[in-house]
Structures are given as C-alpha cells and as structure tokens.
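Report on the following structure.
Each value in this text was obtained by applying a stated rule to the coordinates, not by laboratory testing. This structure is a prediction, so every number in the text was calculated from the model and none was measured. Positions of Cβ are backbone-derived with ideal geometry, glycine not excepted, and every protein chain shown enters the neighbour counts.
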Protein chains: 2
Amino acid sequence: MAGEASNGAGATLDDWGAPTARAIGLNELSAVADEVRELIAAGQERRAFERVRVLHPADMGLIIAGLPGASREALLRVMSPQTVAWMLQHMNPVEAGRFGARLGVRGLSFVLGQLHPQQALATLRRLPLRRARAVAETLDQPLPVAELLAEEAGTAGALMVTAYPTVSADGQAAAARDSVAELGPARLKFTHVFVVGPDGELVSEVPMVDLALAEPDAPIADISAPVVASVSPATDAKECARLRRHYNLTQLPVVEDGRLTGVILAESLLSAVVEQDTRQMLQVASVAGESADGPLSGSIRTRLPWLTINLATTFLAAATIALFESTLAQVVVLAAFLPVVAGQGGIGGTQTLTLIVRAIALGELVGVTARRLLIREAMLGLLHGVWLGVLVAVVAMLWKDNLGLSLVLGLAMLGNMVIAGSVGAAVPLFLRRIGVDPAVASAVVVTTFTDVFGFLLFLGIARVAIDLLV
Amino acid sequence: MAGEASNGAGATLDDWGAPTARAIGLNELSAVADEVRELIAAGQERRAFERVRVLHPADMGLIIAGLPGASREALLRVMSPQTVAWMLQHMNPVEAGRFGARLGVRGLSFVLGQLHPQQALATLRRLPLRRARAVAETLDQPLPVAELLAEEAGTAGALMVTAYPTVSADGQAAAARDSVAELGPARLKFTHVFVVGPDGELVSEVPMVDLALAEPDAPIADISAPVVASVSPATDAKECARLRRHYNLTQLPVVEDGRLTGVILAESLLSAVVEQDTRQMLQVASVAGESADGPLSGSIRTRLPWLTINLATTFLAAATIALFESTLAQVVVLAAFLPVVAGQGGIGGTQTLTLIVRAIALGELVGVTARRLLIREAMLGLLHGVWLGVLVAVVAMLWKDNLGLSLVLGLAMLGNMVIAGSVGAAVPLFLRRIGVDPAVASAVVVTTFTDVFGFLLFLGIARVAIDLLV
C-alpha cells in the first residue's frame with residue numbers, strides 16, 4: 001500500500017515497501033482518473049488521494065501525470081514527499097520521466113528536499129539525466145551525485161547502476177548470496193551475480209537461478225557462465241538496446257579500463273528500447289522529444305523548425321510548377337491532376353522509407369547489400385507504377401474523356417512510382433553510410449523528391465505532348 | 001560453441017548447449033557477412049560455415065537470414081538440422097520469425113523432420129503461430145502440438161509456455177528448488193517460482209533472488225510476494241505488453257478458470273513490445289507485416305491495396321481543384337502554390353497524428369480528455385499557422401510581387417494548419433473511441449482532409465478575392 005511509504009522524513013531506502021496493489025485494466029484506470037478529476041474539481045483533494053493511494057504506484061503516477069496542471073498541484077499538496085518519491089521509484093523509467101516533466105524542476109526540488117538523502121539520490125536516479133542535473137543544482141542538501149552528473153546522456157554510463165552483486169572468482173555460492181543480500185530492496189532487480197577477478201576484472205556471471213540451486217559451499221567456477229556481452233560507459237544507449245534485444249539479455253555489465261564499473265538493469269535497457277523504437281516513429285514525423293499533453297512551447301520548439309524547413313521544400317515544388325505556367329495556361333485541367341501524381345509518389349516513397357528505417361534500427365539489414373534493397377524497391381515501384389498508371393489513366397479517361405491527358409498522366413505516375421521506390425530506399429541507406437540517423441529528416445527529403453520529380457514528369461511530358469491534349 | 005549442438009539426430013533438449021560465444025558489434029557482423037557471401041560465391045560453403053559457427057547463434061542466424069536465397073540454401077545444405085534448430089532456439093523471437101520466413105515451410109519441415117521430437121517441438125514453439133501450424137501439418141512424426149495449434153494468434157495463450165516452476169503454498173524453499181531444477185536448460189528463463197494452492201490456483205510468487213537467499217526449510221509464505229498482474233489465455237498480446245511495461249514485470253502468469261495454466265516469459269513479452277511499437281510505425285505508413293528484404297509478392301499484397309485506396313482519395317483532391325478551373329484559368333500562377341498549402345497541412349497533420357497514435361499505444365493518455373488534446377492541437381495549429389502564413393505571404397510577395405496573392409496564400413495557410421491540427425488529433429481519438437486501431441488508415445484520412453480543405457480554402461478565397469489577384 002502507498003500508505004506504508006508515508007512514514008516520515010527520516011525514512012531510508014529499507015523502509016520503502018514494495019507495492020502490493022494489483023494491476024488494473026485501462027478502462028478501470030480511465031474510470032478512476034475521471035473520478036479523481038471530479039473529486040478535485042469539487043475541492044475534495046483528500047478524498048481524491050484516498051481513491052488513488054490504494055492503487056499500484058505505476059497507476060497512481062499515470063493518473064496524476066494525466067491531470068490538468070491546477071488539479072495535479074492541488075492533489076500533490078495533500079501527498080507526502082515520501083509517497084511521491086516511492087511512486088517514482090516504482091514507475092517504469094519512461095513514465096517516471098514524463099511524471100518528472102509534469103512536476104518541473106521546482107516541484108521536484110521541493111519533494112527531494114524533504115527526503116532522506118539516500119531516498120533523494122535514488123529518486124534523482126529515476127529521472128532523465130538532464131532533468132536530474134537541473135534538480136540537483138537546486139538542492140540544499142549535498143548529494144553524492146558527481147559521478148551521475150559526469151556521465152553523458154544517452155550512454156551506458158548514464159543508464160547503469162553502480163551498486164550490484166559481485167563475487168570473487170575463487171569464492172563459493174555463500175559469498176555470492178551475501179553480496180545479493182547486502183543490496184536490500186534493490187536485490188530484486190538483479191538476474192545475475194557478477195564474478196570478478198583479483199583486479200576487479202569481469203570474469204563471468206552466475207545466473208540467479210543457478211545460485212538458487214547451489215549448495216552454500218559450491219565453487220563459483222561450477223555455477224558461472226560466460227558473459228555474452230559487455231559495454232563501456234561511453235557505449236551509445238541504442239547499441240545497448242540492440243545488444244539486449246539481439247542476444248536476449250536481461251542485464252548488461254559495463255566495463256571500464258578492464259574493471260567492472262556498473263550494470264545496466266533490464267528496465268533501463270527496455271525503456272531505452274521503447275524510447276528508441278517509438279522515437280523513430282516520431283522522428284520520421286519530426287515530433288521526437290514531445291509529449292502529447294506537455295506544454296505548448298515544447299511542441300512549438302520541436303515542430304516549427306521542421307515545418308519551416310518543409311515550407312522551403314514546398315517552394316521548390318512550386319518553382320517546378322511555375323516553370324510550366326504556359327503549359328498550364330493552355331490546358332488548365334492539368335492543375336487538377338497535380339496532387340494525384342505527387343500524392344501517390346509521396347505515399348509510395350514514405351512506405352519504402354519507413355520499412356527501411358525500421359529495418360536499419362532493428363539491425364535486420366546485416367549482410368543485405370544496399371544494391372539489393374535499391375533494386376528491390378525500384379522493381380516494386382515499377383510494378384506498382386504499372387498498375388496505378390493504368391488505373392489512373394482509365395479513371396481520368398472516364399472523367400475527362402481526353403486520351404492524351406490519360407496517357408500523360410499514366411506515364412507520369414509510372415515514372416514517379418519508380419522514383420519514389422528508389423529515393424525512398426536510397427535516402428536512408430545513404431544517411432546510414434555517412435553516419436547520420438536515417439530517421440531524422442528522411443521523410444522531408446523523400447517527399448521533396450517525389451513532389452519535384454512528379455511535377456517535372458507530369459508537366460514535362462504534357463508540354464512535349466501538348467498537341468495531344470488541346 | 002555451435003559445434004556442440006551438432007551431435008546427431010538422437011539428441012534431446014538436455015544436449016543443447018548454451019551459447020558461449022561473445023557478442024560482436026554491427027560493423028564486425030557486417031564484415032563477417034561480406035566474407036561469408038564471398039566464400040559462398042566462390043563455392044566454399046564449408047569454409048563459410050566454419051566462419052559463422054564460432055559466432056553466437058543470434059549472429060549466425062542474422063547473417064544467414066540476410067544472405068541472398070541461393071547462397072542461403074547452399075550454406076544450409078552443409079549445416080546439420082541440429083545446428084539450425086539450436087540457432088533458432090537462441091535467437092530472439094522476432095529474428096527467429098524472420099529466419100523461419102526465409103526458410104519457408106518446406107525448409108523448416110526438412111529441418112524439423114530430422115530432429116528428436118522434443119527438439120522439434122521446442123523449435124516449432126519459436127516460430128510465429130501461423131507458420132508453426134503450417135509446418136506442423138507437413139511433419140510425419142506426430143508432435144503433441146494440439147494445444148499450441150488451438151490458441152489464437154496474438155493472445156496470451158499463444159505467447160505462454162506451459163512448463164514452469166511451481167511450489168505449493170504450504171511447502172518449503174527446497175521444494176521450489178526441486179521444481180526449478182526439473183526444468184533443465186529452460187530453468188534459466190525464469191525469474192519467479194509460482195506459488196499455487198490445492199486446486200492449482202495462483203496464490204503468490206517467489207522471486208528467484210529470494211529463493212537464492214532462503215534456507216532449504218524456509219516456509220514459502222515467508223519468501224513469497226503478491227502477484228501484481230495475471231492475464232487469461234484470451235488476453236490480447238498488446239495488453240500483455242502494456243502490463244509488462246507499465247508495471248515493470250519480468251514475466252506474466254496466465255490463469256484460466258482460476259487455475260495457473262501458463263507463464264509468458266520476458267523474451268516473448270518483449271518481442272510483443274517491439275512488434276507492437278514498431279508495427280505502429282509501419283501501420284502509419286501502411287506497410288505493416290512486411291520485411292525489408294522479403295519476397296516482392298508479400299510487399300505488393302501489403303502496399304498495393306493502400307496505394308489504390310489513396311489514389312481514390314487523391315481524386316477527391318483533384319475534384320476539389322477542378323471546381324475552380326475558371327479561377328485557375330484567370331490566374332494560372334495559383335497552380336504553383338497548390339502544393340505549398342496542401343503540403344504544409346499534410347506535414348502538420350501527420351505530426352499531430354503520429355504523436356497521438358504513439359501516446360495511445362503507450363497508454364499515456366489515461367485521464368487526459370479528448371477535448372483537452374483537441375484544443376491543444378488546434379491551438380498549436382493556429383500558432384504555427386500564424387507564423388507560416390506570414391512567412392509564406394512574405395516569400396510569395398518577394399517572388400511574384402502580387403499583394404492579393406500573398407494575402408490569399410497566407411490566409412489559406414493559417415486555416416489549413418488549424419484544420420491539420422484538429423483533424424490530426426480528432427481522427428485517431430475517434431478511431432480509438434469506436435474501437436479501431438488508430439495506427440491503421442489514420443494517415444490516409446488525415447492527408448485527404450488537409451489536401452481537400454487546403455485546396456478549398458486557397459482556391460475558394462482566391463475566387464472570392466479574384467479582383468485583388470488579376
């Protein structure tokens with residue numbers, strides 16, 4: 001129960017009870033959220049808190065983060081800082097980050113300032129690095145955060161914990177158990193005990209399962225297994241996430257100068273994965289880093305630069321059309337078909353692009369040559385272009401009864417689909433080769449190509465074949 | 001080493017060694033893949049196999065799956081079925097599914113037909129349900145697959161394993177250890193022992209860590225913890241993935257008619273997460289279910305229907321423009337600016353859409369009212385529209401020196417950005433309300449709106465203000 005955590009400012013980590021509340025479904029969660037919002041609107045913050053305090057901390061946090069600003073603050077005023085910190089401790093890292101963003105640096109400083117230093121430090125570690133730094137700077141009590149603040153965001157060093165179970169390579173199972181027990185409540189997060197040599201070097205690892213089965217005097221060498229993967233503190237979080245996924249790892253040791261210096265827990269690796277996978281989706285649409293219900297200013301900062309860049313690219317398309325003003329003046333009906341050719345190219349290019357960006361991100365394209373992918377997508381564009389070209393020609397013929405127009409339209413469609421497939425594959429593959437994340441900016445480049453070439457092809461062929469059209 | 005696995009058709013699960021090879025980076029993986037491709041091209045399949053057999057099975061699988069069809073078959077001919085099955089066993093489920101797709105039903109039947117039934121069954125369970133069914137039908141040896149085949153794809157029942165460690169609620173730690181040991185190599189995948197009552201009902205769970213610390217005669221009641229979440233076999237895989245993420249779970253028990261009937265392992269939950277998260281990205285671009293280097297026919301089946309539907313929607317846009325043919329005939333330069341207004345609206349709408357689809361998928365919008373999100377996005381559209389409207393008017397003025405045109409363009413831009421924000425939010429929220437996955441089809445609907453309303457606004461205002469333009 002949440003109540004167990006609200007036991008005074010002197011509480012330490014060991015007093016932080018594990019959650020005992022059961023999970024509830026999304027519908028029930030939404031119903032409770034509605035109830036809480038109404039109670040607060042009616043000025044009954046205490047009753048609202050009674051309603052959420054029986055929930056799992058992950059659910060409490062989700063509901064509170066989703067409240068409108070004023071209601072959230074009203075509710076937080078009746079909660080103890082211990083309960084807020086306990087909640088952050090049991091939320092998943094992505095949701096904890098979102099919750100921290102809602103509280104803001106001032107709200108977090110207020111909460112952390114009233115905690116036992118050990119609790120404050122543990123809570124700080126749940127927050128994204130940049131926010132943790134900002135909060136740490138405002139705190140009166142000195143926390144041993146130097147090492148945390150020194151790490152670079154988005155690296156293994158920023159994800160790792162520095163307290164983990166170890167045992168000497170010439171030790172026995174009993175020593176490994178002692179090391180696990182010393183961790184207190186944090187012990188539950190570990191799936192392995194790490195075996196270290198005399199100089200602190202990582203030798204192997206003991207799976208918790210095999211430690212559970214071992215006799216107390218079993219030699220560590222008999223129950224340990226080789227380490228599949230380790231990283232350095234500077235390793236990129238994306239690479240850590242790839243290693244976890246590809247090799248099915250549950251945690252990842254971090255080694256520096258030959259010595260074990262940290263361990264990345266599964267939950268951190270996973271939130272890095274979720275971040276990576278869904279961020280990609282956001283980056284393709286250039287809204288990465290935003291929250292769907294965060295402050296407007298953050299959304300404007302993320303989106304407006306891209307919208308402005310995109311405006312420049314649409315002017316390229318406009319300039320292309322302007323080249324053919326005389327052709328358009330002769331056959332005004334051509335204007336109606338401009339979005340048909342360009343729109344289909346854009347959709348086709350984005351399909352190819354999305355597929356390739358995702359395959360690159362998941363590391364699926366190892367050993368698959370760029371040439372093979374390019375030929376494949378150009379071929380697909382050709383096949384799609386033949387079908388769509390015939391279809392568009394037939395529909396245009398039925399609508400406008402102009403054979404010349406239909407032929408021009410069908411040919412332009414065919415050409416633009418081939419361009420869409422080729423460019424949709426070439427752009428992300430090229431960006432990967434020069435070391436740029438293909439999820440960023442690819443979409444704008446690809447649709448610019450399909451717009452400009454779509455208009456060039458359509459209006460260019462029309463100008464050449466103008467006698468067929470008028 | 002891979003070699004350990006190639007020990008004759010009589011081998012059982014216990015003979016399947018755990019991988020001992022270390023992880024390698026993506027660059028080294030690519031280099032080995034190139035080497036292997038060249039060796040096979042030179043007719044040296046055996047040397048190619050010697051090159052990959054020292055790798056971790058996850059790496060072997062990735063490299064082999066990425067080879068062109070003929071090379072892959074040549075390499076597989078020199079590998080024993082045991083090695084192929086051992087590899088599948090140690091790949092992550094998503095990559096195993098991709099590998100299975102490359103082998104095809106015939107290739108898989110050939111491999112599985114030569115395995116010990118226990119191994120064949122374990123291998124079958126690594127494959128996506130539909131493929132596993134197709135392969136099972138072709139096998140001569142009768143496998144106990146009835147229960148597997150009865151489950152519905154995409155549910156907890158299809159993800160769960162049916163062998164897992166249990167202990168009676170009135171038992172002691174020693175009994176839990178016996179249950180873990182009985183699982184053989186599969187024991188390493190579990191983080192909990194499940195505590196069951198006299199009728200097989202799920203009572204609580206013992207974390208493996210606390211089992212490792214317990215004395216043999218410790219009562220189970222003293223080391224067990226409440227179960228946070230359980231599901232039924234019919235629960236949707238997406239909901240399982242949400243529970244894992246939201247509550248930070250490592251495995252998820254499956255309960256039917258009050259009795260524990262299965263357990264979903266972390267790796268299955270995670271591949272469901274990856275599937276869910278990245279599938280979304282693919283669905284927004286309507287390429288879900290495709291592989292970037294799979295057969296062309298699969299890609300055409302996925303993409304062509306959407307391209308065809310989209311063609312219909314672009315004709316809506318074309319019909320809108322056609323309504324204003326007389327206006328366009330009077331001021332041909334308007335045609336050049338058509339893609340500017342529509343394109344910006346499309347980008348803005350897609351930004352909003354992507355953000356909301358992702359937030360819905362991650363369960364972030366609990367308690368956030370649709371009204372609040374709609375107002376927020378319409379407001380953002382207005383702010384973006386003011387900036388982009390002024391910008392586009394200034395640029396058009398500099399380019400075409402036509403004040404009327406600039407005003408019309410700026411106003412249309414402002415209006416279309418508001419529409420883009422509102423529709424980008426309204427469409428996925430509406431689809432969620434009526435129970436349709438918002439990732440599917442939202443993009444086509446949103447861009448159709450922004451195209452049609454963009455043209456209506458731009459050309460409509462132009463017609464009304466035609467005296468300013470000529």
Students often check this: by mean Cβ neighbours within 10 Å, which of B:119-125, A:386-392 ranks highest, and how do the rest follow?
B:119-125, A:386-392
Quick one: if you stick a label point 7 Å off each Cα along the C-beta vector at A:VAL105 and B:ARG106, how many nm between them?
6.6
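Pop the C-beta distance of A:LYS400 and B:LEU468 into the FRET formula with R0 = 35 Å and round what comes out to the nearest 0.05. Could you put the intermediate results ahead of the total?
Working: r = 30 Å, r/R0 = 0.86.
The value I calculate is 0.70.
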The answer for B:THR166, listing residues at least 5 apart or on another chain whose modeled amide H is closer than 5 Å to its amide H, is B:PHE194
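Quick one: grab the alpha carbon gyration tensor of region A:50-118, order the square roots of its eigenvalues as a ≥ b ≥ c, and give me rounded if a/c is under 1.5, else prolate or oblate depending on whether a/b is larger than b/c. Intermediate values should be presented prior to the final figure.
Numbers: a/c = 1.24, a/b = 1.15, b/c = 1.08.
Here region A:50-118 falls in the rounded category.
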So what are the ³J(HN,Hα) numbers for region A:336-352, from phi and the Karplus equation (6.51, -1.76, 1.60; θ = phi - 60°), rounded to whole Hz, Gly and Pro as x?
4, 8, 4, x, 5, 5, 5, x, 5, x, x, 5, x, x, 5, 4, 4
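Give me the inter-chain shielding for B:24-36: mean count of other chain Cβ atoms within 10 Å, whole number please. Intermediate results must be reported in sequence, preceding the final value.
Details: counts 1, 5, 7, 1, 0, 4, 4, 1, 2, 5, 3, 1, 1.
Partner-chain Cβ atoms within 10 Å, mean over residues of B:24-36: 3.
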So between A:ALA234 and A:ALA41, what do we pick up on full extension, going 0.36 nm a residue minus the alpha carbon distance?
64.7 nm
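Normalising by the residue count of chain A, find the relative contact order in percent from Cα pairs under 8 Å and 6+ residues apart. Mind showing how you got there, number by number?
Values: 673 pairs, mean separation 49.9, N = 470.
So the answer I get is 11 percent.
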Label 7 Å beyond Cα on the Cβ vector: A:GLY113 copy-to-copy distances, nm
7.6
When Lys and Arg each count +1 and Asp and Glu each count -1, what net charge do the other residues less than 13 Å away from A:ASN310, Cβ to Cβ, add up to?
0
Which order, highest average first, do A:350-362, B:23-35 follow once you tally other Cβ atoms within 10 Å for each residue and take the mean per peptide?
A:350-362, B:23-35
Between the helical axis of A:26-41 and the dominant principal axis of chain A, each derived from Cα atoms, what acute angle in degrees is found, rounded to the nearest 10?
80
Could you give, in nm with one decimal, how far B:LEU403 is from each other copy of that position, shortest first, with labels 7 Å out from Cα toward Cβ?
5.1
With a ≥ b ≥ c the root eigenvalues of the C-alpha gyration tensor of the protein assembly as shown, is it rounded (a/c under 1.5), prolate (a/b larger than b/c) or oblate?
oblate
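Starting from the Cα gyration tensor of chain A, take the square roots of the eigenvalues, sort them a ≥ b ≥ c, and report rounded, prolate or oblate (rounded when a/c is under 1.5, otherwise prolate if a/b is larger than b/c, else oblate).
Prolate shape, in that a/c is at least 1.5 and a/b is the bigger ratio.
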So how do A:307-316, A:194-203 stack up, highest first, on mean other-Cβ count within 10 Å?
A:307-316, A:194-203
Once the label point is set 7 Å along the Cα-to-beta-carbon vector, what list of distances in nm do you get between A:ASP236 and its counterparts in the other copies?
3.4
When Cβ neighbours within 10 Å are restricted to other protein chains, what is their mean count per residue of peptide A:326-334?
4
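Where Lys and Arg each count +1 and Asp and Glu each count -1, what net charge lies around B:GLU325 among other residues with Cβ under 14 Å from its Cβ?
+2
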If you line up the long axis of helix A:296-322 against the longest principal axis of chain A, both from Cα atoms, how many degrees apart are they, to the nearest 10?
20
Which angle between 0 and 90 degrees, to the nearest 10, do you get for helix A:403-433 versus the longest principal axis of chain A when only C-alpha atoms count?
30
Nearest-0.05 FRET efficiency for B:ASP178 and A:ALA174, computed from C-beta distance (R0 30 Å)
0.90
Which cross-chain or sequence-distant (5 or more) residues have an amide H under 5 Å from the amide H of B:GLN172, H modelled 1.01 Å from N in plane?
B:ILE220
Run the helix sum for chain B: -39,500 (n - 2.57) per DSSP H stretch of 4+ residues, divided by residue count, reported at 222 nm to the nearest 500 deg cm²/dmol.
-20500 deg cm²/dmol
Hey, how many Å between the Cα centroid of region B:237-252 and the Cα centroid of region B:90-137?
26
Using a cut-off of under 18 Å, list every residue of region A:386-409 whose amide N is near the label point 7 Å from the Cα of B:GLU325 along the Cα-to-beta-carbon line.
A:393-409
On average, how many beta carbons from a partner chain sit within 10 Å of the beta carbon of a residue in A:418-427?
0
May I ask for the net charge around A:VAL32, where only other residues with Cβ less than 12 Å from the Cβ of A:VAL32 are counted and Lys, Arg are +1 while Asp, Glu are -1?
-3
